[in-house]
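First the structure, in the form of structure tokens, and then the observations on it.
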């Protein structure tokens with residue numbers, strides 16, 4: 001069966017969030033910490049940030065708590081005297097400017113959009129996500145963009161998929177493509193959608209979440225549609 005609609009995750013599926021995050025954090029820390037410690041700082045910030053977003057996805061904390069707490073915890077851990085709110089505002093501004101795409105992202109979206117409608121469902125800050133999409137040239141290929149901040153739900157909740165797909169009742173013909181088993185793939189299953197795990201690093205799946213398809217390169221998704 002060929003699918004009739006593609007839903008993409010954004011971060012680390014279409015856009016290289018890890019790379020963008022590194023550039024943004026380096027800019028934030030330039031006047032606040034020694035550059036010789038950047039690798040340690042980046043690893044630490046990613047752990048803190050990922051943990052907080054996971055708590056957000058489990059509905060334990062709000063998005064507002066995530067974006068400020070990540071820097072207050074980070075600065076406290078590394079004994080850096082700085083304002084968390086100011087640092088976070090700078091960080092989000094820098095992230096918004098980054099347009100690093102994953103390999104083949106623009107070509108795959110351009111080809112797919114000629115055959116089937118495309119959508120994006122992403123957890124994150126709406127203004128940041130939409131700015132990145134626009135600057136990267138991806139936005140014209142998509143029929144809709146649904147950000148968790150806009151609808152009050154987050155992956156892996158089924159509600160964010162149902163909210164985004166209100167006008168598309170035939171869920172069995174829709175394929176969700178994403179890099180995270182716990183959010184994208186499990187979320188798709190929760191909502192009754194087929195799933196495709198984007199796994200460019202050949203990571204081992206040791207979870208109970210089993211995708212319907214698995215790809216290493218985004219271009220491998222094309223035969224599933226035409």
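The values are calculated or read from the model by the stated rules, or taken from the named source; none is laboratory data. Keep in mind that what you see is a predicted model, and the values were worked out from it rather than measured. Positions of Cβ are generated from backbone atoms using ideal geometry, with glycine treated the same way; all protein chains shown enter the neighbour counts.
Just a few scattered comments:
- From the options 38, 71, 45, 56, residue that is under 16 Å from residue 93 (Cα atoms) and at pLDDT 95 or above: 71
- Residue within the range 140-153 that is surrounded by fewer than 14 Cβ atoms within 10 Å (Cβ to Cβ) and assigned to a helix (DSSP H, G or I) present: yes
- Residues being in contact (Cβ under 8 Å) with a residue 12 or more places away in the chain and surrounded by fewer than 15 Cβ atoms within 10 Å (Cβ to Cβ) - total across the range 160-178: 2
- Considering residues of the range 1-22 that are buried (at least 16 other Cβ atoms within 10 Å of the Cβ) and in a helix (DSSP H, G or I) only, the residue nearest to the chain's Cα centre (by Cα): 17
- Flag if residue 127 is without any contact (Cβ under 8 Å) to a residue 40 or more places away in the chain, at positive phi and either out of contact with any strand residue (DSSP E or B) (no Cβ under 9 Å at 6 or more places or on another chain) or part of a helix (DSSP H, G or I) (or both): no
- Qualifying residue in the range 152-160 (condition: modelled with pLDDT under 95 and farther than 15 Å from residue 118 by Cα): yes
- Residue that is assigned by TED's automatic domain parsing to the domain that holds residue 139, part of a helix (DSSP H, G or I) and touching a helix residue (DSSP H, G or I) at 6+ places or on another chain (Cβ under 6 Å), where the choices are 68, 28, 108: 108
- When residues of the range 194-226 are limited to those that are part of a loop (DSSP other than H, G, I, E, B) and under 18 Å from the mean Cα position of the chain (by Cα), the one surrounded by the fewest Cβ atoms within 10 Å (Cβ to Cβ): 201
- Output for the range 159-187, where each listed residue is part of a helix (DSSP H, G or I) and closer than 15 Å to residue 147 by Cα: 159, 160, 161, 162, 163, 164, 183, 184, 187
- Scanning the range 130-141 for residues being without any contact (Cβ under 8 Å) to a residue 60 or more places away in the chain and more than 13 Å from the chain's Cα centre (by Cα) gives a total of 7.
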